[in-house]
1. Counting only heavy atoms of protein chains, what accessible area per residue, in Å², does the chain have with a probe of 1.4 Å?
2. Sort all Cα-Cα distances of the range 62-116 into consecutive 10 angstrom bins from zero, then give the percent of pairs in each bin up to the one containing the longest distance.
3. Assuming 0.36 nm per residue, please report the length gained on full extension of the stretch Ala89 to Asp7 beyond their Cα-Cα distance.
4. Report, to the nearest whole %, how much of the accessible area of the chain belongs to carbon and sulfur atoms, 1.4 Å probe, protein only.
5. For the chain, what's the relative contact order in percent, using C-alpha pairs closer than 8 Å and at least 6 residues apart?
6. Between the alpha-carbon centers of the range 20-59 and the range 81-96, tell me the distance in whole angstrom.
7. Using the scaling law 2.2 N^0.38 Å as the reference, what is the normalised Cα Rg of the chain?
Amino acid sequence: MLSHSLDHGVLVITVHQDPGIGGRATLLMRISDLVRAYRPEPVVVLLDEPAARGAVVSVVLRVHRLCSRLGTLLSVATHSAPVRRALEANADTAGTRLVVHARADTAVAAAFAAAA
């Protein structure tokens with residue numbers, strides 16, 4: 001369902017597939033655990049094409065709220081323009097800003113630069 005790596009001090013979490021509504025809680029728990037374990041490193045969530053669906057969007061928005069509470073920068077990268085628009089439109093504006101990119105390399109580079 002997901003994998004993760006550390007790239008220049010940035011936690012990169014790749015979601016490979018849509019867990020569906022039933023798997024949303026498990027995905028949220030796994031990503032939240034990684035965010036807490038690597039805190040205060042900035043986080044980039046990469047959404048592979050099969051993962052760019054409604055259930056994953058919901059999880060990313062919840063992870064964004066968690067990162068805001070922790071003071072952790074969260075960026076998302078997806079090729080899907082509708083998913084990028086949904087994330088931007090529904091992101092919580094009370095905490096840290098959710099940064100959404102079309103390309104993974106841009107997201108990681110921007111997160112690295114912001115953390116420096």
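The values are calculated or read from the model by the stated rules, or taken from the named source; none is laboratory data. Just so it is clear, the structure is predicted and the values come from calculations on it, not from any experiment. Heavy atoms of the whole protein, side chains included, go into the accessibility calculation; ligands, DNA and RNA do not. Shrake-Rupley method; radii C 1.70, N 1.55, O 1.52, S 1.80 Å.
1. Numbers: 5770 Å² over 116 residues.
With the other protein chains kept in place, the chain gives 50 Å² per residue.
2. Taking all Cα pairs of the range 62-116, the binned fractions are 26, 54, 20, 0 percent.
3. Values: separation 82, 0.36 × 82 = 29.52 nm, distance 2.81 nm.
Result for the pair: 26.7 nm of gain on full extension.
4. Numbers: 3010 of 5770 Å².
In the chain, the share of accessible area belonging to carbon and sulfur is 52 percent.
5. On the way: 212 pairs, mean separation 30.2, N = 116.
With pairs under 8 Å counted, the relative contact order is 26 percent.
6. Computed from Cα coordinates, the inter-centre distance equals 15 Å.
7. Numbers: Rg = 12.4 Å, N = 116, 2.2 N^0.38 = 13.4 Å.
Against the empirical 2.2 N^0.38 Å value, I get 0.93 for the chain.
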